[in-house]
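Student: Here it is, the structure in full.
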Amino acid sequence: MITIYDFECPAPGFKTMSPYVLKVRIALNYKKLPHRSVFVKASELKQVSEELGLPTNDLDLDDPPRHKVPIIHDASTGQFVSDSTRILAYLDKTYPQTPSILTPGTEAAAVAFDDAVLANMLHPLYPSIGARFTRSLDAEKTAGYRGFMEKMIGMTIEEYLANPELEEKHLKSAEEGFGVVNTIFKKAEMIQGAGAEGNGRNLTFADVSAGSILLYIRVCWWDNEANWKRLMAWDGGRWARLYETLLPYAVVPEQ
Ligand SMILES: N[C@@H](CCC(=O)N[C@@H](CS)C(=O)NCC(=O)O)C(=O)O
């Protein structure tokens, strides 16, 4: 049995939200590997990790390294593995009878693609998703998050949301950023040949990487249908199709 450590998700109707944990959840469900989830409050992660003896994430090169989610414990090998991309590689290697996601030898390409997704799809939207997520949930549930967001956008959440031109500017630059990643997918599909996009083929690392960001944005905009509908129409509906493909794999199994 594999145990996956995750943050408690405060948005009503959703159980999980971290884009990095979602990458691993998608892989576990896609591979049909039995697993259980342990949910930890973000504010308690360090203390809980130290109590449970979970290692820090060394791959992010933080100085000093920090405890992060996702991290898994695999009872069948006794191993702890941190960092979403390394976990995907571990699952492919340890369970070779399951469909693979990260082709050996393509780790550098995977890291570069992940970086492109974060820079172009997530970062331009941070102020909007952060502000709306924090505004719509009670202060206790988002403790620590408000201060972080306000420092990043340089004003209070209320000031940001009272200024629709600012959010419009961020949505426009996100649309451009999504366009950059759309072009990467399009070129890959041209190389792969006809029928490369869609449900008919196996999931790729790129699907999981970009899709986990979509699932995260959906949770952050949980009460903001208008922005979500707008995003779903970008790039000829590519993101709507990817979201629909990945949604079934984002489930948290009952335990
Ligand atoms: N590169 C890591 C990033 C993990 C990450 O940043 N996780 C966040 C949650 S979304 C976290 O645990 N943050 C705690 C911290 O930064 O102290 C991965 O892909 O797993």
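The values are calculated or read from the model by the stated rules, or taken from the named source; none is laboratory data. These figures come from a predicted structure and were not determined experimentally. So basically every Cβ, Gly included, is an ideal-geometry build from the backbone, and we count neighbours across all protein chains shown. Side chains are part of the model used for accessible areas, which takes the heavy atoms of the whole protein and leaves out ligands, DNA and RNA. Shrake-Rupley method; radii C 1.70, N 1.55, O 1.52, S 1.80 Å.
Student: What full-extension length gain, to one decimal in nm, is calculated for Lys151 and Gln47 as 0.36 nm per residue of separation minus the Cα-Cα distance?
Tutor: Extra length available between Lys151 and Gln47 comes to 35.0 nm.
Student: Considering only protein heavy atoms and a 1.4 Å probe, what is the carbon-and-sulfur percentage of the accessible area of the chain?
Tutor: Here it works out to 57 percent.
Student: Let me ask you something else. Restricting everything to alpha-carbon atoms, can you work out Rg to Rh for segment 1-91 with a Kirkwood hydrodynamic radius?
Tutor: Reported Rg/Rh (Cα atoms, Kirkwood Rh): 0.94.
Student: Percent antiparallel among DSSP beta bridges with both residues in the chain, to the nearest 5?
Tutor: Here the share of antiparallel DSSP bridges comes out near 60 percent.
Student: Go through Trp222, Ala143, Met190 and say which Cα lies farthest out towards the positive end of the charge dipole of segment 143-255; charges sit on Cβ, +1 for Lys and Arg, -1 for Asp and Glu.
Tutor: Going by the Cα projections, it comes out as Met190.
Student: Give the shape of the chain as rounded, prolate or oblate, defined through the alpha-carbon gyration tensor: a ≥ b ≥ c are the square roots of its eigenvalues, a/c under 1.5 means rounded, and otherwise the shape is prolate if a/b is larger than b/c and oblate if not.
Tutor: oblate
Student: Something else: Mean-square fluctuation check for the chain, GNM, Cα pairs under 10 Å: which of Met232, Met121, Met190 is largest?
Tutor: Result: Met190 has the largest fluctuation of those listed.
Student: Then there is this: Place a point 7 Å from Cα of Lys229 in the direction of its Cβ. Which residues in segment 114-155 have their backbone N less than 14 Å from it?
Tutor: No residues fall inside that zone.
Student: Counting heavy atoms of the protein chains only and a 1.4 Å probe, report the per residue accessible area for the chain as a whole number of Å².
Tutor: For the chain, the per-residue accessible area is 49 Å².
Student: Enumerate the whole-percent occupancy of each 5 Å bin, from 0 to the last occupied one, for all C-alpha pair distances of segment 90-139.
Tutor: Distribution as computed: 4, 17, 14, 13, 13, 11, 12, 11, 5, 0 percent.
Student: Given Cβ point charges of +1 (Lys, Arg) and -1 (Asp, Glu) and nothing else, what value in debye, to the nearest 20, does the dipole of the chain about its Cα centre take?
Tutor: That gives a dipole near 640 debye.
Student: For segment 107-250, state the semi-axes of the equivalent ellipsoid (square roots of 5 times the eigenvalues of the alpha-carbon gyration tensor), sorted largest first and rounded to whole angstrom.
Tutor: The answer is 29, 15, 14 Å, longest axis first.
Student: At 0.36 nm per residue, minus the direct Cα-Cα distance, what do Asp115 and Asp60 gain on full extension? Give it in nm, one decimal, please.
Tutor: Computed gain between Asp115 and Asp60 is 18.6 nm.
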